[in-house]
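The block underneath contains the structure these notes are about, expressed in structure tokens.
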């Protein structure tokens with residue numbers, strides 16, 4: 001799937017899981033949804049030289065090469081529905097113990113979401129290395145300063161990674177058979193949807209966007225602001 005499709009599906013998953021997410025308050029809810037949306041891009045860091053890996057220049061492209069080597073290539077280890085959420089989740093668990101590493105992790109999520117959703121954001125700041133760094137780190141600092149301990153980051157990482165894998169499972173390239181691909185390389189591809197096809201652009205993307213808005217309305221205090229306005233209009 002395309003990058004913005006992954007990000008939108010991650011946002012929808014983040015909004016859908018709010019009733020069970022270990023977060024409380026509007027700021028923490030925004031942080032959760034943003035993180036899941038951004039982390040839905042994380043598995044594609046296994047492709048060095050990609051748009052996502054070039055997000056912060058060498059700061060993301062160099063680690064991307066390491067991820068690619070460990071994952072044994074694009075769409076293998078980082079797209080394993082069992083191993084990828086577990087490994088990325090453990091890394092996030094370790095990061096959540098320190099403020100600076102929590103800040104880095106949330107900034108990465110925000111940066112990935114900004115880069116993927118650039119087509120709906122005015123201007124081009126989020127597409128530049130410096131602009132993306134400033135926006136993502138500033139946003140991460142603001143969210144962490146006004147929300148409780150980020151112990152929820154491992155769960156957000158796992159949810160975002162699974163959302164990404166579910167999306168790629170629908171494409172004709174598929175995803176690896178969990179764990180068993182380590183012994184014999186094989187994939188799961190039941191639908192064979194072509195990446196960037198009309199179905200993705202005209203059906204799935206609008207569906208993810210509408211689902212995100214509706215679920216945010218249902219699962220946050222936004223309805224307390226919207227309902228009176230709707231009542232007045234009615």
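A short reminder: the numbers here are calculations on the coordinates, not readings from a lab. Note that this is a predicted model, so its numbers are computed, not measured. Glycine gets a Cβ as well: all are built from the backbone with ideal geometry, and neighbour counts include every protein chain shown.
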Given the rule -39500 (n - 2.57) for each run of at least 4 DSSP H residues, summed and divided by the residues of the chain, what is its mean residue ellipticity at 222 nm, to the nearest 500 deg cm²/dmol? -18500 deg cm²/dmol
Order of 180, 88 from fewest to most other C-beta atoms within 10 Å? 180, 88
For a quick check: sort 200, 173, 145 by the number of other beta carbons within 10 angstrom, fewest at the front. 145, 173, 200
Residues 80, 224, 61, sorted so that the one with the fewest Cβ neighbours within 10 Å comes first: 224, 61, 80
For a quick size check, give me the Cα extents of the chain along its three principal axes, largest first, whole Å. 60, 40, 35
So what's the angle, to the nearest 10 degrees on a 0 to 90 scale, between helix 129-145 and the longest Cα principal axis of the chain? 60
Describe numerically, in nm with one decimal, the distance between label points set 7 Å from Cα along Cα→Cβ at residue 101 and at residue 221. 3.3
Spin-label pair residue 173/residue 125, simplified geometry with 7 Å Cα→Cβ offset, distance in nm: 3.2
Expressed as an acute angle from 0 to 90° and rounded to the nearest 10, what is the orientation of the C-alpha long axis of helix 26-39 relative to the principal long axis of the chain? 20
Candidates 122, 43, 154, ranked by Gaussian network fluctuation over the chain, Cα under 10 Å, top entry: 122
Tilt, helix 222-233 to longest principal axis of the chain (alpha-carbon atoms), in degrees rounded to tens, equals 50
With a ≥ b ≥ c the root eigenvalues of the C-alpha gyration tensor of segment 98-234, is it rounded (a/c under 1.5), prolate (a/b larger than b/c) or oblate? oblate
Average Cα contact separation per residue, the chain, under 8 Å, 6 or more apart, as relative contact order %: 30
Evaluated at 4 °C and 1.567 mPa s, the Stokes-Einstein D of segment 1-124 based on the Kirkwood radius over Cα pairs, in µm²/s, stands at 87
Given points 7 Å out from each Cα along the Cα-Cβ axis, report the residue 201 to residue 182 separation in nanometres with one decimal. 4.0
